[in-house]
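Comments concern the structure below.
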Amino acid sequence: MSATSLAAGEITRLHERMPKGIDLGLDRIRRLLAALGEPQHRLPPVIHVAGTNGKGSTVAFARAILEAAAKGVHVHTSPHLVDWHERYRIAGTAGGRGALVDDALLAETVRRAAAANGDETLTVFELLSAVAFLLFSEHPADAVLLEVGLGGRFDATNVVDRPAVTAVTSISLDHQAYLGDRVELIAAEKAGIFKRGSPVVIGPQTEPTALEVLRDHARRTGAPVFIHGQEFHAISERGRLVYQDEYGLLDLALPRLPGRHQIGNAATAIAAVRAAGFNPSATEIERGIAAAEWPGRLQRITAGPLVALAPEGSEIWLDGGHNPGAGLVIAEAMADMEERVPRPLVLIAGMLNTKEPKGFFEAFAGMARHAFTVPIRSSDAGVDPVVLADAALEAGLDAEPAADVSAAIRRVASHWRGGPAPRFLICGSLYLAGDVLAESGLAPR
């Protein structure tokens, strides 16, 4: 976060006087939005996206498709990696690409929302969600992409009464303390964003019980339902993305974002954009899919101090995925890379104490040559590297703690004796991903 950011200063002051942590519910934000004149009811068509994994990538694909079709798009995502501004993208004018919110505008909007709230109890996320509704209601656009923060039913974004479409990406175990300890309970919370009459798009699900809950809930709300593998399909074939739905077949370029899981995320975005009433051409969809970017998700680090420390010819990859479901898709992507260009895989992982490290690490058993566990300097909720290394050992990895990411890379470099240069994967936390991007001079702009 920039020390000179006006918005960062305002948000820091909010953190000092507002309750910390998570407190799910809609009464507080509805009260604040009423004081602000109900900005959530003055928005362009809203595409509301929930899910455990993949919702950020799906939003990125949808934005890129709509912008390729010359549509102005507001975007609200969370959390940010380096700077609060990443959460708010304001539509460009005359069909141009949008940009992260201006610092002065964000600071002023935060002050307005805080003043309207007064001394009432509120969480920082709730206030920052109200900021998104204010910003997006006061600037013209053709669409709003709204990412759920946590869960769905009681998430602060769930105050839009009639979204153009709601979409749910892959669901797996995460945030069990708030959403339940079974996939079907978590799916029910995500399905809480469904609204009567608004189309529902359900992306690829690896858990049949999750799909059953989502489908049944959508049908009970009277919503038209579009399910991956039923109403729409997508596969990778001969180096192309082949997508099919009721409108026909599209032969598209593969996503720029690496990993097989991005095929499903791209398909979910196409289905959601179409269900929302937009009709981009095949060429516009292809341009969007090929151009979409989403920092901190299987992002290759090609410059900066970490690259300088690594053995010559090494690869450094970064991913903020932090739950067992994310571990599986990241490990699958690493396996695909290994098949194309074999290299020893070295994990460098840091995680928060709200996650399940053993389940995450198990996906890499038999694949990773070694794992280093590191602290997360930007959060006081990080797992002690010694404890995290024990979890990796229990998952079947050869693991040890390190002082930080740089120390782990230096240790590998000092013992490297030739052969194919290593492939480093820095993983386990979006906080850690943000730290690495900031250190590398790659903060999202």
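The values are calculated or read from the model by the stated rules, or taken from the named source; none is laboratory data. Note that this is a predicted model, so its numbers are computed, not measured. Note that we place each Cβ from the backbone using ideal geometry, even for glycine, and neighbour counts take in every protein chain shown. Note: accessible area is taken over every heavy atom of the protein model, side chains too, but ligands, DNA and RNA are not part of it. Shrake-Rupley method; radii C 1.70, N 1.55, O 1.52, S 1.80 Å.
Being outside any loop (DSSP other than H, G, I, E, B) and at pLDDT 95 or above is the filter here, so list the residues in region 415-429 that pass it.
Filtering region 415-429 down to residues outside any loop (DSSP other than H, G, I, E, B) leaves 415, 423-427.
Passing the criteria: Arg423, Phe424, Leu425, Ile426, Cys427.
Against the test of being part of a loop (DSSP other than H, G, I, E, B), open to solvent by less than 50 Å² (accessible area, probe 1.4 Å) and in contact (Cβ under 8 Å) with a residue 40 or more places away in the chain, the options Gly37, Gly25 yield a single qualifying residue, Gly25.
Number of residues in region 155-172 that are over 20 Å from Glu86 (Cβ atoms), part of a loop (DSSP other than H, G, I, E, B) and touching a strand residue (DSSP E or B) at 6+ places or on another chain (Cβ under 9 Å): the value is 7.
For region 301-327, a tally of residues being hydrophobic (A, V, I, L, M, F, W, C), modelled with pLDDT under 95 and under 23 Å from Ala395 (Cα atoms) returns 1. Within region 80-103, being open to solvent by less than 40 Å² (accessible area, probe 1.4 Å), closer than 19 Å to Asp142 by Cα and part of a loop (DSSP other than H, G, I, E, B) holds for Ala91, Gly92, Gly95, Gly96, Gly98, Val101.
Looking only at region 207-243, how many residues end up being in a helix (DSSP H, G or I), of a type outside the set (Ser, Thr, Tyr) and touching an Asp or Glu at 6+ places or on another chain (Cβ under 7 Å)? Final tally of qualifying residues: 2. Has region 371-380 got any residue that is in contact (Cβ under 8 Å) with a residue 60 or more places away in the chain, aromatic (Phe, Trp, Tyr) and either touching a helix residue (DSSP H, G or I) at 6+ places or on another chain (Cβ under 6 Å) or more than 25 Å from Glu86 (Cβ to Cβ) (or both)? No, region 371-380 contains no residue that is in contact (Cβ under 8 Å) with a residue 60 or more places away in the chain, aromatic (Phe, Trp, Tyr) and either touching a helix residue (DSSP H, G or I) at 6+ places or on another chain (Cβ under 6 Å) or more than 25 Å from Glu86 (Cβ to Cβ) (or both). Pairs meeting the criteria (first residue in region 282-293 and charged (D, E, K, R), second residue open to solvent by 50 Å² or more (accessible area, probe 1.4 Å), beta carbons under 7 Å, at least 6 apart or on different chains) are Glu293/Arg256.
For residues in region 390-412 being within 14 Å of Ile376 (Cα to Cα) and out of contact with any Lys or Arg (no Cβ under 8 Å at 6 or more places or on another chain), which is most open to solvent (accessible area, probe 1.4 Å)? Only one residue tops the list, namely Ala403. Please go through region 244-296 and pick out each residue that is in a helix (DSSP H, G or I), polar (S, T, N, Q) and open to solvent by 10 Å² or more (accessible area, probe 1.4 Å). Answer for region 244-296, where residues must be in a helix (DSSP H, G or I), polar (S, T, N, Q) and open to solvent by 10 Å² or more (accessible area, probe 1.4 Å): Asn265, Thr283. In the set (1) under 22 Å from the mean Cα position of the chain (by Cα); (2) touching a residue at least 24 places away in the same chain (Cβ under 8 Å), Ala99 fails one condition alone, (2).
In region 373-393, what residues are part of a helix (DSSP H, G or I) and of a type in the set (A, V, I, L, M, F, W, C)?
Once the filter is applied, which keeps residues that are part of a helix (DSSP H, G or I) and of a type in the set (A, V, I, L, M, F, W, C), region 373-393 yields Val386, Val387, Leu388, Ala389, Ala391, Ala392, Leu393.
Every condition in (1) assigned to a helix (DSSP H, G or I); (2) of a type outside the set (Phe, Trp, Tyr); (3) open to solvent by less than 10 Å² (accessible area, probe 1.4 Å) is met by His48 except one, and the failing one is (1). Pairing each residue of region 214-233 that is within 23 Å of Arg182 (Cα to Cα) with any residue that is buried (at least 16 other Cβ atoms within 10 Å of the Cβ) and of a type in the set (S, T, N, Q), provided the two are 6+ apart or on different chains, yields C-beta distances under 9 Å for Leu214/Gln205; Ala218/Thr166; Thr221/Ser198; Ile227/Gln205; His228/Gln205; His228/Thr268. Leu145 meets all of the listed conditions (1) crowded, with 22+ Cβ neighbours inside 10 Å; (2) on the phi > 0 side of the Ramachandran plot but one, namely (2).
Would you call Gly152 within 23 Å of the chain's Cα centre (by Cα), at pLDDT below 95, over 16 Å from His41 (Cβ atoms) and in a loop (DSSP other than H, G, I, E, B)? Taking the combined requirement at face value, the residue satisfies it. What are the residues in region 155-185 that are at pLDDT 90 or above and closer than 19 Å to Phe125 by Cβ, if any? Result: Asp155, Ala156, Thr157, Asn158, Val159, Val160.
Going by the structure shown, is Ala64 free of Cβ contacts under 8 Å to residues at least 40 places away in the same chain, hydrophobic (A, V, I, L, M, F, W, C) and not in a loop (DSSP other than H, G, I, E, B)? Taking the combined requirement at face value, the residue does not satisfy it. Tell me, yes or no, whether region 276-291 has at least one residue that is of a type in the set (Ser, Thr, Tyr) and over 28 Å from Leu318 (Cα atoms). Yes, the conditions are met somewhere in region 276-291. Just name the residue that is surrounded by the most Cβ atoms within 10 Å (Cβ to Cβ) out of those in region 413-431 that are touching a residue at least 60 places away in the same chain (Cβ under 8 Å) and of a type in the set (Ser, Thr, Tyr). My answer is Ser429.
Among the candidates Leu134, Leu106, the residue that is within 15 Å of Arg30 (Cβ to Cβ), in a helix (DSSP H, G or I) and not aromatic (Phe, Trp, Tyr) is uniquely Leu134.
Does Asp155 satisfy the criteria of being on the phi < 0 side of the Ramachandran plot, open to solvent by 10 Å² or more (accessible area, probe 1.4 Å) and among the charged types (D, E, K, R)? The answer is no for Asp155.
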